[in-house]
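First the structure, which I've put down as structure tokens, then a few questions once you've had a look.
The values are calculated or read from the model by the stated rules, or taken from the named source; none is laboratory data. Keep in mind it's a predicted model, so treat the numbers as computed, not measured. Using ideal geometry, Cβ is built from the backbone for each residue, glycine included, and neighbour counts are taken over all protein chains shown.
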Amino acid sequence: MRSLLLSLCVVFLLGGSAIAEEPLPAPTGPVILTVTGKIAATNSGNAAIFDRAMLEALPIHRIKTATVWTDGVKTFEGVLVRDLLSRVGATTTQSTLVRASALNDYAIEIPATDFQRFDVLLAWSMDGQQLMMRDKGPLWIVYPRDQVRELRDERYDQRWVWQLSRLEVK
């Protein structure tokens, strides 16, 4: 018992999660996100697949920020990527990368530390309107660029993946 508690403390301190909170249910609606890689909770082979209702079961957050792709400050709603990674029992360290892939085949590797350092959102709505494929949906990775000056940089702009469909924890 002591070794299990010690292991959990070590994983927590490294920023990862040793186990998911509870079994991951199967989606009942259309799948909009697939998470693979170094995860503990799955519901479809080696993957964790999510419909919108499953994502909405996680704590919901809002970010007000401007983007380089929209006019003015927008309000985005969704879940923090770190909460999603915790839910699937992702194991992360300082060197972990998360490959984010979009429906249009755009992909980029994002340091998992971004999700611990910043309130990065997996947004499904903007200004109260559900994001559709034609306007960067159904999911868009959104950084709080107005709240953190460091994020107003081209390197971070490349990590704003819209039409997100897959995350792979490497």
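Given (1) over 16 Å from Lys74 (Cβ atoms); (2) touching a Phe, Trp or Tyr at 6+ places or on another chain (Cβ under 7 Å), where does Leu151 come up short, assuming only one miss?
Failing condition for Leu151: (1).
Among (1) buried (at least 17 other Cβ atoms within 10 Å of the Cβ); (2) of a type in the set (Gly, Ala, Ser); (3) touching a Lys or Arg at 6+ places or on another chain (Cβ under 7 Å), which single condition is Ala107 missing?
(1)
Got at least one residue in segment 131-141 being small (Gly, Ala, Ser) and more than 15 Å from Ile63 (Cα to Cα)?
yes
To continue, here is another question. With Asp83, Asp71 as the choices, which residue is charged (D, E, K, R), more than 15 Å from the chain's Cα centre (by Cα) and closer than 20 Å to Arg145 by Cα?
Asp71
Scan segment 85-99 and report the pairs whose first residue is modelled with pLDDT of 95 or more and buried (at least 23 other Cβ atoms within 10 Å of the Cβ) and whose second residue is of a type in the set (Val, Ile, Thr) and in a loop (DSSP other than H, G, I, E, B), with Cβ atoms within less than 9 Å and a gap of 6+ or a chain change.
Leu85/Ile39; Leu85/Thr92; Val88/Ile39; Val88/Thr42; Ala90/Ile39; Ala90/Thr96; Val98/Thr92
For every residue, the table says whether it meets (1) β-branched (Val, Ile, Thr); (2) within 21 Å of Pro138 (Cα to Cα); (3) under 16 Å from the mean Cα position of the chain (by Cα).
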residue: Val31; (1), (2), (3): yes, yes, yes
residue: Phe50; (1), (2), (3): no, yes, yes
residue: Thr67; (1), (2), (3): yes, yes, no
residue: Leu97; (1), (2), (3): no, no, yes
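Could you list all residues from segment 152-170 that are buried (at least 20 other Cβ atoms within 10 Å of the Cβ) and closer than 23 Å to Ser95 by Cα?
Across segment 152-170, the qualifying residues are Trp160, Val161, Leu164, Leu167, Val169.
Residue-wise test of (1) in contact (Cβ under 8 Å) with a residue 12 or more places away in the chain; (2) of a type in the set (A, V, I, L, M, F, W, C); (3) out of contact with any strand residue (DSSP E or B) (no Cβ under 6 Å at 6 or more places or on another chain); (4) closer than 15 Å to Val35 by Cβ.
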| site | (1), (2), (3), (4) |
| --- | --- |
| Thr70 | yes, no, yes, no |
| Tyr106 | yes, no, yes, no |
| Thr113 | yes, no, yes, no |
| Arg117 | no, no, yes, no |
| Gly128 | yes, no, yes, no |
| Leu139 | yes, yes, no, yes |
| Tyr156 | yes, no, yes, no |
| Glu168 | yes, no, no, yes |
